[in-house]
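Dropping the structure in here first, questions after.
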Amino acid sequence: MSEIYDIPARVREGSDSPLATLDGWRAVRERTANDPDGFWLDVAKRRVKWHREPTQGLEGSFHTIPDGPIQWFADGTLNVTESCLDANLATRGDKIAILWEGDEPGQVRTLTYRELHAEVCRTANALKALGLQNGERAIIYMGMVPEAAIAMLACARIGAIHSVVFGGFSAEALRDRVRDCGAQAVITQDEGMRGKRTIPLKKVTDEALEGERGVKKVLVYRRTGGDVDWVEDRDVWWHEIVPEQSDDCPAVIVEAEHPLFILYTSGSTGKPKGVVHTCGGYLTYAAYTHANVFDLREDDVYACVADVGWITGHTYIVYGPLANGATTLMFESLPTYPDAGRYWDMVERHRITVFYTAPTAIRALAAQGDGHVTKYDRSSLRVLGTVGEPINPDAWRWYYDVVGEKRCNIVDTWWQTETGGISISPIAPATPTKPGSATLPMPGIFPVLMDGDGKRIRGPGEGRLCIEFSWPGQARTVWNDHPRFVATYFQHYPGMYFTGDGCRRDADGYYWITGRVDDVINVSGHRMGTAEFESALVSVDAVAEAGVVGYPHPIKGQGVYAYIVLQPGYEPSDAIEAELHAACRTQIGAHAKVDLYQFVPGLPKTRSGKVMRRILRKVAEGEPDKLGDVSTLADPSVVAAIVAGAKV
Ligand code: WTA
């Protein structure tokens, strides 16, 4: 029923990967089914530099997970920075590791592997001098500067656990994360730069840390030279402490299951949870998937234009590419600054070969017309990736036809913060593609579709996407809350990891992600919980209740639709809307914006008082005629009012 795209010749040619053909993929997949331990141990030994090589594969299973985290390579010891840095010195010391493009076009900095190694060691020594120790946590709240990656690696060098917080989050959101992980240090910068606008990162950090006693030191990188307040004895300038350190810093050797980082992500309920990834398994999976999905070549210029504040930046800007000795781009600015040609201008100037972005950017740029693309030379491109949300076939075709001139393969990569790395995706030289499908699972990933009755769907069908066997890159736990980890991912379908996504499988076994089936919404590839919005909105005095859902949005994928019930005595007004906006901004961040408000007399509830979110969703999706069974409604007149006043 849908078109199939064959792999362009130049993508197939010159690949020496065992996964370079579909037959190769099948053979490897079979091995991962029959001998997962043997397979992953081989990958781990090939791709990661160990201090003590592991002899053990997986310990535990999705059945035993309530009793304690799963382990991979448990008897191995390592320091991930030795794979990312030291291991590359001999053969690639002068190769560019990080290619940074700043806010202004052509504002470029490069760090070779040798330079990056030295800088990470100096920074690690500085962190030690500031008192940060093995196992302690450091929050990184920065923009897209090389120092963000350096800070991550410097933490890892000394065994400290980093938690990067996206620079768009507010002071309150930052404080929640500082508290939850018990951070001892924060690493930030004076200001971020994006599209000529400055982002007051140090100021927000100061606000977040007011009264917080746990954070002893704040290391501040100077990016813009803008004015900042200074807390004596706590704040330290990067340029005053880092350069004077020795560039020799022996890596602290840790066990494979030592936590590498915590990354907070939104779920259905409550506050974001701190997803924990550990050193050995995560790095193995990051390096393996990065090398194979993109079919990495030694002379590639690889550009992932995500932000290090999200998992994509962790795995596919920093850890995967550096473990593979690649040249990885870090991009500080926006796709539309100074105009919609910025990405392709960079492709031309840097001769980028692999380019990885999100559907929302593709849609926004496609809407600006082809001229911004065609005026630049894109002949260097070989692989084009997308991630973060379902890509609609129109946007896919535009990426393929216009950006890639039909010469590149598109890899639509499905994965999650929790999976650590790409889980369902084409392998660039091997997998024929279908616009809108993430195609086939990675070796070692065994997807299962479950129906509404908890039964496994075989063959073609649509259901809830689960994965039935562990892989090294999977999250191990939620920081300080293993029961929440178990309840969120492993209780819906015993013995399986539940992704929260809906998915269809076609007759060719291709997977088509349909979007979240829980109360997570995905706005421009940013994952947000409706519960977080609701808690911000009800904090406004005028508001009695709030119900938030996603609705289809042509550029952002999903928009945010908020139903607001006001307290008696209040009338809807622009002033109240402004207050609601401000509440989301201060409690979550600048990227948390409600697109549509509808003031309603009440929320649709069952007689037992449970909000019927399905009704809120259907109305916001413009399908008020498909509300389904409403017989349990306490007050049908509420629904009539909601339908009558719908904003779509
Ligand atoms: C969605 C981002 C369709 C999905 C790496 C998932 C996708 C959530 C795709 C995870 C894709 C990610 N096609 N949907 N290629 N990639 N998603 O944790 O709903 O920020 O569950 O990780 O994004 O978002 P997260």
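The values are calculated or read from the model by the stated rules, or taken from the named source; none is laboratory data. These numbers come from a predicted model, not from an experiment. For neighbour counting, all protein chains shown are included, and Cβ atoms are generated from backbone atoms with ideal geometry for every residue, glycine included.
Determine, yes or no, whether residue 104 is farther than 23 Å from residue 299 by Cα, at pLDDT 95 or above and assigned by TED's automatic domain parsing to the domain that holds residue 178. Steps first, please.
Details: farther than 23 Å from residue 299 by Cα: yes; at pLDDT 95 or above: yes; assigned by TED's automatic domain parsing to the domain that holds residue 178: yes.
The answer is yes for residue 104.
Let me ask something else. Could you pull out the residue among 172, 147 that is closer than 21 Å to residue 115 by Cβ and acidic (Asp, Glu)? Outline the logic, then answer.
Working: 172 fails: closer than 21 Å to residue 115 by Cβ.
None of the others qualify; the one that does is 147.
Going residue by residue through region 34-49, is there one that turns out to be in the same structural domain as residue 295 (by TED's automatic domain parsing), among the basic types (Lys, Arg), assigned to a loop (DSSP other than H, G, I, E, B) and modelled with pLDDT of 95 or more?
Scanning region 34-49, I find at least one residue that is in the same structural domain as residue 295 (by TED's automatic domain parsing), among the basic types (Lys, Arg), assigned to a loop (DSSP other than H, G, I, E, B) and modelled with pLDDT of 95 or more, so the answer is yes.
Within region 618-642, can you find the residues that are surrounded by 18 or more Cβ atoms within 10 Å (Cβ to Cβ) and of a type in the set (Lys, Arg)?
As a first pass, look at region 618-642 and keep what is surrounded by 18 or more Cβ atoms within 10 Å (Cβ to Cβ): 618-620, 627, 638-639, 642.
Answer for region 618-642, where residues must be surrounded by 18 or more Cβ atoms within 10 Å (Cβ to Cβ) and of a type in the set (Lys, Arg): just 618.
Could you tell me whether any residue of region 507-526 is more than 18 Å from the chain's Cα centre (by Cα), among the aliphatic types (A, V, I, L, M) and within 12 Å of the ligand (Cβ to nearest atom)?
Within region 507-526, one or more residues are more than 18 Å from the chain's Cα centre (by Cα), among the aliphatic types (A, V, I, L, M) and within 12 Å of the ligand (Cβ to nearest atom).
Looking for something in the same structural domain as residue 361 (by TED's automatic domain parsing), within 16 Å of the ligand (Cβ to nearest atom), surrounded by fewer than 23 Cβ atoms within 10 Å (Cβ to Cβ) and under 27 Å from residue 63 (Cβ atoms) - is there at least one such residue anywhere in region 421-444?
Scanning region 421-444 turns up at least one residue that is in the same structural domain as residue 361 (by TED's automatic domain parsing), within 16 Å of the ligand (Cβ to nearest atom), surrounded by fewer than 23 Cβ atoms within 10 Å (Cβ to Cβ) and under 27 Å from residue 63 (Cβ atoms).
Within 16 Å of the ligand (Cβ to nearest atom), buried (at least 18 other Cβ atoms within 10 Å of the Cβ) and of a type in the set (Gly, Ala, Ser) - does that describe any residue in region 244-265?
Going residue by residue through region 244-265, those that are within 16 Å of the ligand (Cβ to nearest atom) are 261-265.
The next check asks that each one be buried (at least 18 other Cβ atoms within 10 Å of the Cβ); those that pass are 261-265.
Going one step further and asking which of them are of a type in the set (Gly, Ala, Ser), we end up with none.
No, region 244-265 contains no residue that is within 16 Å of the ligand (Cβ to nearest atom), buried (at least 18 other Cβ atoms within 10 Å of the Cβ) and of a type in the set (Gly, Ala, Ser).
Okay, moving on. Checking residue 414 against (1) more than 10 Å from the ligand (Cβ to nearest atom); (2) under 21 Å from residue 471 (Cβ atoms), only one condition comes out false. Which one?
All conditions are met except number (1).
Sticking with this structure for a sec: Can you list the helices (runs of 4 or more DSSP H) lying wholly within region 530-628 that have 1 or more residues being under 26 Å from residue 167 (Cα atoms) and modelled with pLDDT of 95 or more?
On the way: elements: 530-537, 574-587, 613-620.
Ranges flagged: 530-537, 574-587.
Separate question: Does residue 30 satisfy the condition of being assigned to a helix (DSSP H, G or I) and surrounded by fewer than 16 Cβ atoms within 10 Å (Cβ to Cβ)?
Numbers: assigned to a helix (DSSP H, G or I): yes; surrounded by fewer than 16 Cβ atoms within 10 Å (Cβ to Cβ): yes.
Judged against the criteria, residue 30 is a match.
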